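Data block below; observations after.
The values are calculated or read from the model by the stated rules, or taken from the named source; none is laboratory data. If you're wondering where the values come from, they're calculated on a predicted model, not measured in any experiment. Here the Cβ positions follow ideal geometry from the backbone for every residue, glycine too, while neighbour counts run over all protein chains shown. Surface areas here come from the heavy atoms of the whole protein model, side chains and all, with no ligands, DNA or RNA. Shrake-Rupley method; radii C 1.70, N 1.55, O 1.52, S 1.80 Å.
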Amino acid sequence: MHICLFDIDGTLIDTGGAGQRSILHMLEEEFQVSAPVEGIPTAGRTDHAIMTDLFKYFNIPNTSENRKRFETGYLNLLAEKLKEKRGRVLPGIKSILEALSQHAHVDLGLLTGNFEHGARQKLEHYDLDHFFEFGAYGDHHSDRNDVAHVALNQIQERHAPELLEAASIWVIGDTPSDIHCARAIGANVIAVATGVYSLEELRDCEPDYLFAHLEEIEPVLSLFPPPENKN
């Protein structure tokens, strides 16, 4: 059994900046703040962490009411921005997902920093949502390692212990955070340099496999062979 946990932004899709534009416009509409935001990284981080940093940056009280306003305002704008921006499914991704989804020995899930509803919006927009039956998201945790543990708990609930003993868990992502959170749950890592991090930066984090892109799908699919028939 192979359990594959995919990151979204920079791994599966490039939204053309729709997410960041939605956040900036939401801040203007909901909180009446507008300024160049500097020093707040987004790649590989959870939306919860980004939200917390933005509240601190703009001196917005981090209350449950404001967190709800932030998320609701962002999600309301996201669908609009996804249509405006010229995003795309990254090369090879749809073919990889179509191939893996046809195999009973592969279980596909998500391990992403996106808010759950934001992740679903993005995947639905690019017609990828039907490939994933479960996922762990960035609604409540600032640390991606915590999100990875949520994914691990879901895996343990989905599969019998005797099956998991021989299973391999894989995280597929484009940032050092994807690599680090995979190691936090003892997972293998496929890193791909289709996001903002270079091959060299990802190589320094020692993933198990590293690709410049996933356009050539066979080297990826070969990592998930079906179990040997012992009959």
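Which value at 222 nm does the chain reach when only helices count, each DSSP H run of 4 or more adding -39,500 (n - 2.57), with the total divided by all residues and rounded to the nearest 500 deg cm²/dmol?
Values: 10 runs with 102 residues, N = 231.
Value at 222 nm, helices only: -13000 deg cm²/dmol.
Which three numbers, in whole Å and largest first, are the semi-axes of the equivalent ellipsoid of the chain derived from its Cα gyration tensor as √(5λ)? Spell out each step's value before the answer.
Values: eigenvalues 202, 66, 54 Å².
Working from the Cα gyration tensor, I get semi-axes of 32, 18, 17 Å.
Given region 106-150, report the % of alpha carbon pairs whose separation exceeds 13 Å. Please list the in-between numbers first.
Values: 511 of 990 pairs.
In whole percent, the share of Cα-Cα pairs in region 106-150 beyond 13 Å is 52.
DSSP beta bridges in the chain, what fraction antiparallel, as a percent rounded to 5?
Values: 2 of 23 bridges.
DSSP beta bridges in the chain are roughly 10 percent antiparallel.
Once you've got the GNM for the chain with C-alpha springs shorter than 10 Å, pick whichever of ASN62, ASN114, ASN145 has the biggest mean-square fluctuation.
ASN62
Mind listing the long-range amide H neighbours of LEU110? Cut-off is under 5 Å, sequence gap 5 or more, other chains count too, H placed in the peptide plane at 1.01 Å from N.
It is PHE6, PHE134, GLY135, ALA136, by chain and number.
Only sites in a loop by DSSP and with at most 13 other Cβ atoms within 10 Å count here; which trypsin sites (Lys or Arg not before Pro) in region 136-217 make the cut?
Values: sites: ARG144, ARG158, ARG183, ARG203; in loops: none.
Answer by residue number: there is no such site.
How would region 52-95 be classified by its alpha-carbon gyration tensor: rounded, prolate or oblate, with rounded meaning a/c under 1.5 and the a/b versus b/c comparison settling the rest? Write down the numbers at each step before the final one.
Values: a/c = 3.07, a/b = 2.42, b/c = 1.27.
Prolate is the answer for region 52-95, as a/c is 1.5 or above and a/b outweighs b/c.
Count the lysine pairs in the chain that are 8 or more places apart or on different chains: how many have C-alpha atoms under 15 angstrom apart? Please list the in-between numbers first.
Numbers: LYS81/LYS122; LYS83/LYS122; LYS85/LYS122; LYS94/LYS122.
Summing the qualifying lysine pairs gives 4.
Translational D (Stokes-Einstein, µm²/s) of region 1-83 at 25 °C and 0.890 mPa s when Rh comes from the Kirkwood sum over C-alpha pairs?
Working: Rh = 13.8 Å.
This corresponds to a translational diffusion coefficient of 178 µm²/s.
To the nearest Å, what is the center-to-center distance of region 107-131 and region 163-208, using C-alpha atoms only?
Answer, in whole Å: 18.
Carbon and sulfur together cover what percent of the accessible area of region 132-195 at a 1.4 Å probe radius?
Working: 1250 of 2680 Å².
So the carbon and sulfur contribution to the accessible surface is 46 percent.
If you count only protein heavy atoms with a 1.4 Å probe, what accessible area per residue comes out for region 18-84, rounded to a whole Å²?
Details: 3590 Å² over 67 residues.
Roughly 54 Å² per residue, with all protein chains present.
Run the dipole for region 18-84 about the Cα centre, Lys and Arg Cβ at +1, Asp and Glu Cβ at -1, nothing else charged, and hand back the magnitude in debye, nearest 20. Before the final figure, lay out each step's value.
Numbers: 8 positive and 10 negative charges, 29 e Å.
Computed charge dipole of region 18-84: roughly 140 debye.
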